[in-house]
1. Taking Cα centroids, how far is region 1-53 from region 145-209 in Å?
2. Mean separation of Cα pairs under 8 Å and 6+ residues apart, divided by the residue count of region 2-69: what relative contact order is that in percent?
3. Kindly provide the Kirkwood hydrodynamic radius of region 40-153 in Å, to one decimal, from all pairs of distinct alpha carbon atoms.
4. Starting from the Cα-Cα distance between Asn199 and Glu142, subtract it from 0.36 nm times their residue separation and give me the gain in nm to one decimal.
5. Give the residue from Phe67, Pro113, Ala129 lying farthest towards the positive end of the charge dipole for region 59-129; charges sit on Cβ (+1 for Lys and Arg, -1 for Asp and Glu) and the dipole is referred to the Cα centre.
6. Can you list residues whose amide H is under 5 Å from Leu203's amide H, if they're 5+ apart or on another chain and H is modeled 1.01 Å from N?
7. Would you please report the Å³ per residue occupied by the convex hull of the alpha carbon atoms in region 1-45?
8. For Ala53, enumerate residues with amide H under 5 Å from its amide H, sequence gap 5+ or separate chain, H modeled in the peptide plane.
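Here, each number is a calculation from the coordinates, and none is a lab measurement. Just so it is clear, the model here is predicted, and its values are computed rather than measured. So basically every Cβ, Gly included, is an ideal-geometry build from the backbone, and we count neighbours across all protein chains shown.
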Amino acid sequence: MRLAILASGRGSNLLAILEAIARGELDATVVGVFSDRRAAPALVHARNAGIRAQSLAPREFASRTDFDEHLFSLVDAVQPDLIVCAGYMRLISDPAVAARTGRMINIHPSLLPEFKGLRTHQQALDAGASVHGASVHFVTSELDGGPVITQVRVPVERGDDAATLAERVLQREHPLLVATLRELAGGRIAWIDHGVHFNGHPLAAPLQL
Ligand code: GAR
């Protein structure tokens with residue numbers, strides 16, 4: 001499975017993917033890493049691994065649609081089977097999403113549909129949640145609203161602040177994303193007829209990992 005990764009920052013999820021591939025635990029190839037931030041450490045991780053890494057600056061484009069047309073023309077050029085948003089923090093325009101429905105996933109740091117958008121760990125703390133977590137979902141035009149494939153639950157502990165909770169969730173995001181990619185690469189999870197299928201049947205609820 002040929003993977004294109006979109007990342008805006010640190011790139012720890014990208015590193016987790018690269019390490020899983022190197023250990024022989026994921027049958028995939030990262031064929032390109034793309035960013036909306038020239039200084040994203042994720043680009044450095046990619047280049048260190050000998051992977052094509054490209055960034056575009058949104059301010060150099062007239063509109064979000066214009067930016068996405070250019071970005072996704074770079075992505076399409078590496079012919080990915082799947083596009084993985086791994087800490088990609090920019091909204092993607094509807095036409096770019098619509099053209100790739102079922103071929104683009106995102107990892108989000110909450111138990112969707114709870115706590116969409118930004119500052120999810122603070123949202124969970126403010127809501128008094130005792131369990132938080134992360135989700136991997138197919139990207140649709142609704143922000144963080146596409147069908148959820150897999151989730152991992154992470155306890156909120158007494159004394160947590162947004163930083164300690166984010167760190168505990170992040171440690172679980174990495175295996176979650178790798179396991180989800182393994183299911184997709186193995187064909188056990190697939191996008192068929194506008195929805196997620198698992199082992200040939202519509203997925204009734206997210207898989208809990
Ligand atoms: C991760 O926690 C990811 O779930 C989150 O950004 C972080 C990126 O970390 N993504 C979102 O919030 C998307 N809305 P990383 O750059 O180290 O992989």
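1. 19 Å
2. 32 percent
3. 15.5 Å
4. 17.9 nm
5. Among Phe67, Pro113, Ala129, the one farthest towards the positive end of the dipole of region 59-129 is Ala129.
6. Excluding prolines and chain starts, which carry no amide H, the hits are Val196, His197, Phe198.
7. 55 Å³
8. Val33
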